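Here's the structure, in structure tokens; my notes come after.
The values are calculated or read from the model by the stated rules, or taken from the named source; none is laboratory data. Please read all numbers here as calculations on a predicted model, not as lab measurements. Reconstructed Cβ throughout: ideal geometry from the backbone, glycine too, with neighbour counts over all protein chains shown. Keep in mind that these areas ignore ligands, DNA and RNA; they rest on the heavy atoms of the full protein, side chains included. Shrake-Rupley method; radii C 1.70, N 1.55, O 1.52, S 1.80 Å.
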Amino acid sequence: MEKGVITVASGKGGTGKTTIACCLALSAQQPVQFLDCDVEEPNAHIFLKPDWNASEAVSLRVPEVDYSKCTFCGKCADICMFNALAVVPGQVLTFPELCHSCGGCWALCPEKAIRSVPREIGVIEKGNARDISFIRGKLKVGTATSPPLIKAVKGTIQRESLAILDAPPGTSCPVVETMEESDFILLVTEPTVMGLNDLSLALEVVRLLNIPCGVVINRCNDVVSKVEKFCRENSIPVVAKIPVNRDIAKAYATGIPPVKANPELKETFTAILNHIERVTTGERTCCH
Amino acid sequence: MRIAVSAGGRTPDSKVEDRFGRCSYFVLVDEEGNHLETLTNTSLDSPQGAGIAAAQLLINTKVDAILTGRVGPKALKPLQTAGIKIYTGVSGTVEQSVGLFQKGKLKEIEKAGDTVPGRRRAARGGI
């Protein structure tokens with residue numbers, strides 16, 4: 001697979017998104033971009049071990065009030081759906097940590113008394129790990145909203161090459177932000193009741209975004225039938241099953257990804273990439 | 001004097017609601033205990049900043065004092081900046097708490113309580 005954007009996601013945390021995403025990147029036949037979009041706690045660097053070479057701050061615009069113009073009319077607080085402003089007699093209080101940078105207050109202030117100032121929300125860090133161009137976002141501690149940083153991380157995607165995105169867990173805005181505009185979504189699950197439940201939630205998001213998808217069942221054991229039945233009933237291909245294996249777990253615990261611990265697994269990941277290429281180039285119909 | 005009490009119902013015999021920003025109503029009375037009006041707390045279901053919006057509502061309606069269970073730090077800031085007196089730890093009914101206020105038995109707040117969690121579904125992720 002030479003180009004395209006693959007997002008590795010899962011409803012449940014701890015199913016092996018990062019592990020699978022790293023193995024995919026290590027199994028690609030040509031240079032690949034790896035984007036760690038789990039900006040609240042990025043961890044793919046532990047397995048891919050990039051040499052860092054660049055870092056840039058990412059900021060959001062937040063309101064600042066010019067008191068020489070403000071008449072305390074209250075319009076800004078009134079229209080702010082995030083409750084990031086309060087107007088009290090003689091003062092406008094701003095709560096930058098609640099601001100989503102929608103721009104409503106400085107656009108609609110009748111006195112033009114609000115200007116936007118930057119507030120740092122995190123950093124984008126770049127590095128290289130052999131043929132992998134590694135990019136990660138790191139949210140500043142205390143920042144509550146991660147989608148703007150994820151958007152900035154995704155701004156580094158070069159469409160002419162293959163990009164693999166490691167998504168945050170769950171099904172909320174940060175996940176949607178990561179998934180959007182992907183060519184394929186690989187949903188990683190595990191054969192547990194919670195793994196299956198959260199897979200069904202993640203699938204709902206993928207269906208809303210209308211992006212082709214496939215499932216990887218990680219830590220496979222003998223009780224995968226429920227997950228497979230679910231995938232069959234929903235017409236989603238199970239593109240790979242990674243066996244539960246003590247040696248893989250041991251290597252993982254020391255920061256060695258499965259394909260390095262067990263090179264035979266590389267075939268599995270090459271097959272996943274081939275499957276995705278067939279789906280995204282239209283040689284095979286997608287899951288829905 | 002206009003006193004706002006965070007309440008579960010619209011009338012002075014309603015129970016006081018503990019959480020300032022996420023109570024259902026604010027029952028307004030004067031210092032004699034006469035019911036003036038009832039405000040619906042429209043920010044009750046805000047995903048974030050409910051306390052700030054509730055504070056804004058009460059600032060806009062020019063209340064002088066608030067009786068409630070607890071107030072978070074974000075709501076406290078505009079309320080204190082506006083010079084509104086805040087009495088916390090209040091329970092029972094609106095009438096009972098106003099009675100205690102009249103007798104001078106309530107203590108004015110000095111510092112804010114912990115931030116009250118919003119209505120987010122998951123700890124990680126958010127809106």
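Only one residue in A:Lys250, A:Lys241 is in contact (Cβ under 8 Å) with a residue 24 or more places away in the chain, open to solvent by 90 Å² or more (accessible area, probe 1.4 Å) and not hydroxyl-bearing (Ser, Thr, Tyr), so which one is that?
Working: A:Lys250 fails: in contact (Cβ under 8 Å) with a residue 24 or more places away in the chain.
A:Lys241 is the lone residue from the list that is in contact (Cβ under 8 Å) with a residue 24 or more places away in the chain, open to solvent by 90 Å² or more (accessible area, probe 1.4 Å) and not hydroxyl-bearing (Ser, Thr, Tyr).
Could you say whether any residue in the range A:74-84 is within 12 Å of chain B (Cβ to nearest Cβ), under 22 Å from B:Gly72 (Cα atoms) and in a strand (DSSP E or B)?
no
So, A:Lys69, is that one part of a loop (DSSP other than H, G, I, E, B), closer than 21 Å to A:Glu180 by Cβ and among the basic types (Lys, Arg) or not? Talk me through it step by step, then tell me what you get.
Working: part of a loop (DSSP other than H, G, I, E, B): yes; closer than 21 Å to A:Glu180 by Cβ: no; among the basic types (Lys, Arg): yes.
So A:Lys69 fails the test.
In the range B:1-10, what residues are surrounded by fewer than 20 Cβ atoms within 10 Å (Cβ to Cβ) and either part of a strand (DSSP E or B) or in contact (Cβ under 8 Å) with a residue 60 or more places away in the chain (or both)?
From the range B:1-10, those surrounded by fewer than 20 Cβ atoms within 10 Å (Cβ to Cβ) are B:1-2, B:8-10; that's our starting set.
Residues satisfying the conditions are B:Met1, B:Arg2.
Which condition does A:Ile272 not pass, out of (1) over 15 Å from A:Val8 (Cα atoms); (2) part of a helix (DSSP H, G or I), if it passes all the others?
Unmet condition: (1).
Would you check which residues across the range A:85-108 are assigned to a loop (DSSP other than H, G, I, E, B) and facing another protein chain (nearest Cβ under 7 Å) and list them?
Quick first cut of the range A:85-108, residues assigned to a loop (DSSP other than H, G, I, E, B) only: A:89-90, A:95, A:99-103.
Listed by number, the residues that qualify are A:Pro89, A:Phe95.
Yes/no matrix, rows are residues, columns are (1) more than 14 Å from every other protein chain (Cβ to nearest Cβ); (2) touching a residue at least 60 places away in the same chain (Cβ under 8 Å):
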| residue | (1), (2) |
| --- | --- |
| B:Pro12 | yes, yes |
| B:Gly21 | no, yes |
| B:Leu57 | no, no |
| B:Asp64 | no, yes |
| B:Pro78 | no, no |
| B:Thr81 | no, no |
| B:Gly92 | yes, yes |
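Farther than 30 Å from A:Glu181 by Cβ, touching a Ser or Thr at 6+ places or on another chain (Cβ under 8 Å) and part of a loop (DSSP other than H, G, I, E, B): is that true of A:Glu111 in this structure? Walk me through it before giving the result.
Values: farther than 30 Å from A:Glu181 by Cβ: yes; touching a Ser or Thr at 6+ places or on another chain (Cβ under 8 Å): yes; part of a loop (DSSP other than H, G, I, E, B): yes.
Yes; evaluated as a whole, the condition is true for this residue.
Restricting attention to the range A:257-288, which residues are buried (at least 16 other Cβ atoms within 10 Å of the Cβ) and of a type in the set (A, V, I, L, M)?
The first filter runs over the range A:257-288 and keeps only residues buried (at least 16 other Cβ atoms within 10 Å of the Cβ), leaving A:257-259, A:261-262, A:265, A:268-270, A:272-273, A:275-277, A:279-280, A:286-287.
The answer is A:Val259, A:Ala261, A:Leu265, A:Ile272, A:Leu273, A:Ile276, A:Val279.
Considering each of B:Leu39, B:Leu57 in turn, give the residue that is touching a strand residue (DSSP E or B) at 6+ places or on another chain (Cβ under 7 Å), assigned to a helix (DSSP H, G or I) and not basic (Lys, Arg). I'd like the intermediate steps shown before the answer.
On the way: B:Leu39 fails: assigned to a helix (DSSP H, G or I).
Sole residue among the options that is touching a strand residue (DSSP E or B) at 6+ places or on another chain (Cβ under 7 Å), assigned to a helix (DSSP H, G or I) and not basic (Lys, Arg): B:Leu57.
Select, from A:Ile185, A:Ile164, A:Ile121, A:Ile150, the only residue that is within 14 Å of chain B (Cβ to nearest Cβ), surrounded by 19 or more Cβ atoms within 10 Å (Cβ to Cβ) and in a strand (DSSP E or B). Break it down into steps so the answer makes sense when it comes.
Values: A:Ile185 fails: within 14 Å of chain B (Cβ to nearest Cβ); A:Ile164 fails: within 14 Å of chain B (Cβ to nearest Cβ); A:Ile150 fails: in a strand (DSSP E or B).
Checking each option against the conditions leaves just A:Ile121.
Can you tell me which residue is farthest from the chain's Cα centre (by Cα) among those in the range A:235-256 that are among the basic types (Lys, Arg) and in a helix (DSSP H, G or I)? Full working, then the answer.
So the first thing to find is which residues in the range A:235-256 are among the basic types (Lys, Arg), and the list is A:241, A:246, A:250.
Next, only the ones that are in a helix (DSSP H, G or I) stay: A:246, A:250.
Numbers: A:Arg246: 28, A:Lys250: 26 Å.
Once the filter is applied, the top-ranked residue is A:Arg246.
Has the range A:9-25 got at least one residue that is closer than 17 Å to A:Thr178 by Cα, part of a strand (DSSP E or B) and under 11 Å from the mean Cα position of the chain (by Cα)?
Yes: one or more hits.
At pLDDT 95 or above, touching a Ser or Thr at 6+ places or on another chain (Cβ under 6 Å) and part of a loop (DSSP other than H, G, I, E, B) - does that describe any residue in the range A:203-215?
Yes, some residue in the range A:203-215 is at pLDDT 95 or above, touching a Ser or Thr at 6+ places or on another chain (Cβ under 6 Å) and part of a loop (DSSP other than H, G, I, E, B).
Quick check on this structure: which one of A:Glu180, A:Glu204 is over 17 Å from A:Val279 (Cα atoms), touching a helix residue (DSSP H, G or I) at 6+ places or on another chain (Cβ under 8 Å), free of Cβ contacts under 8 Å to residues at least 40 places away in the same chain and not hydrophobic (A, V, I, L, M, F, W, C)? First the steps, then the outcome.
Details: A:Glu204 fails: touching a helix residue (DSSP H, G or I) at 6+ places or on another chain (Cβ under 8 Å).
Matching residue, one of A:Glu180, A:Glu204: A:Glu180.
Could you tell me whether A:Gly170 is in contact with a strand residue (DSSP E or B) (Cβ under 6 Å, 6 or more places away or on another chain) and of a type in the set (Gly, Ala, Ser)?
Values: in contact with a strand residue (DSSP E or B) (Cβ under 6 Å, 6 or more places away or on another chain): no; of a type in the set (Gly, Ala, Ser): yes.
In short, no.
Of the residues that make up the range A:43-53, is at least one facing another protein chain (nearest Cβ under 8 Å), touching a helix residue (DSSP H, G or I) at 6+ places or on another chain (Cβ under 8 Å) and either surrounded by 15 or more Cβ atoms within 10 Å (Cβ to Cβ) or part of a loop (DSSP other than H, G, I, E, B) (or both)?
The initial filter retains those residues of the range A:43-53 that are facing another protein chain (nearest Cβ under 8 Å), namely none.
Within the range A:43-53, none of the residues are facing another protein chain (nearest Cβ under 8 Å), touching a helix residue (DSSP H, G or I) at 6+ places or on another chain (Cβ under 8 Å) and either surrounded by 15 or more Cβ atoms within 10 Å (Cβ to Cβ) or part of a loop (DSSP other than H, G, I, E, B) (or both).
If you go through the range A:124-146 one residue at a time, how many are out of contact with any Gly (no Cβ under 6 Å at 6 or more places or on another chain), charged (D, E, K, R) and not in a strand (DSSP E or B)?
Qualifying residue count, the range A:124-146: 2.
Of (1) of a type in the set (Gly, Ala, Ser); (2) over 21 Å from A:Gly13 (Cβ atoms); (3) surrounded by fewer than 21 Cβ atoms within 10 Å (Cβ to Cβ); (4) away from every other protein chain (no Cβ under 14 Å), A:Ser200 satisfies all except one. Which?
Only one criterion is unmet by A:Ser200, namely (2).
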